[in-house]
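Comments concern the structure below.
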Amino acid sequence: MRVKCVICEVVNQLQDDSPQAKKLRNRPIHTYMCDPCHDRISEKTNARLATGDFVFYKSSRRIEEDF
């Protein structure tokens, strides 16, 4: 299965029977992100979390209190 990264638009090949290929095929809302882009975003997110200024916004107060 050929897939394109949503950020850098690099075309990659996935095995047809892999879980990620099945997820992309059966649920069109899921998007593919290549490994370098995924790693870069996770590093930047972890760096923002480490500063202490990063705030997760939840949908309701009651859920936040339970969380």
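What follows draws every value from the coordinates through simple rules; no lab data is involved. Only a predicted model underlies this, so the values are computations on that prediction, with no experimental measurement involved. Cβ atoms come from the backbone with ideal geometry, glycine included; neighbour counts cover every protein chain shown.
Descriptive notes on the structure:
- Summarising the amide proton neighbourhood of TYR32: residues at separation of 5 or more, or on other chains, whose placed amide H is nearer than 5 Å comprise VAL6.
- Inter-label distance, nm, simple model (7 Å from Cα along the C-beta direction), CYS8/HIS38: 1.4
- Per residue of the chain, the DSSP helices (runs of n ≥ 4 H) give a summed -39500 (n - 2.57) that works out to -13500 deg cm²/dmol at 222 nm.
- Count of Lys pairs (Cα-Cα under 23 Å; at least 8 positions apart or interchain) in region 2-66: 4
- All alpha carbon pair distances within the chain were sorted into 10 Å bins beginning at 0; the resulting P(r) in whole percents reads 17, 31, 28, 21, 2.
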